[in-house]
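Shown next, in structure tokens, is the structure this report addresses.
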Amino acid sequence: QVQLVESGGGLVRAGGSLRLSCAASAIRFTINRMGWYRQAPGKLRELVASVTTGGSTDYADSVKGRFTISRDNAKNTVYLQMNSLKPEDTAVYYCNAQAVRLYGRNEYPYWGQGTQVTVSS
């Protein structure tokens, strides 16, 4: 099974910074792409940023230049450094991992429990 444990959310003023962490425990699974999604009240969940095992990254246009995603493959941990935060960044942030069972073929998504990020104006 794959379990994701997130930390680092909280309340911050506009212009401030937060760092999210997500540690994956995966017995008999290989973790591929990891990333962060967010969901604000009344809105759909959206991709914020993702990173492959090789370090290739992808960002939502709204966070480019402000957020940086990174990962430690040895620890199966992904980080999201969020700078210059805006009130519109307020949402529940979810960690995602795409994983394949050992000797399996299919890749499945796994999710963390979510961590609240609130940016006050």
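The values are calculated or read from the model by the stated rules, or taken from the named source; none is laboratory data. If you're wondering where the values come from, they're calculated on a predicted model, not measured in any experiment. Cβ: placed from backbone, ideal geometry, glycine included. Neighbour counts: every protein chain shown. Quick note on the areas: whole protein, heavy atoms, side chains included, nothing else; ligands and nucleic acids left out. Shrake-Rupley method; radii C 1.70, N 1.55, O 1.52, S 1.80 Å.
Summary table
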item	result
In the range 15-34, residue modelled with the lowest pLDDT [restricted to those that are more than 17 Å from residue 80 (Cβ to Cβ) and surrounded by fewer than 14 Cβ atoms within 10 Å (Cβ to Cβ)]	27
Residue match in the range 90-98 (condition: open to solvent by less than 70 Å² (accessible area, probe 1.4 Å), at pLDDT 95 or above, out of contact with any Leu (no Cβ under 8 Å at 6 or more places or on another chain) and in a loop (DSSP other than H, G, I, E, B))	yes
Residues satisfying the stated conditions in the range 105-121, i.e. part of a loop (DSSP other than H, G, I, E, B) and either open to solvent by 40 Å² or more (accessible area, probe 1.4 Å) or more than 24 Å from residue 32 (Cβ to Cβ) (or both)	105, 106, 113, 121
Every residue from the range 63-80 that is open to solvent by 60 Å² or more (accessible area, probe 1.4 Å) and modelled with pLDDT of 95 or more	64, 65, 68
Residues (open to solvent by 30 Å² or more (accessible area, probe 1.4 Å) and either in a strand (DSSP E or B) or in contact (Cβ under 8 Å) with a residue 24 or more places away in the chain (or both)) located in the range 44-60	45, 46, 47, 57, 58, 59
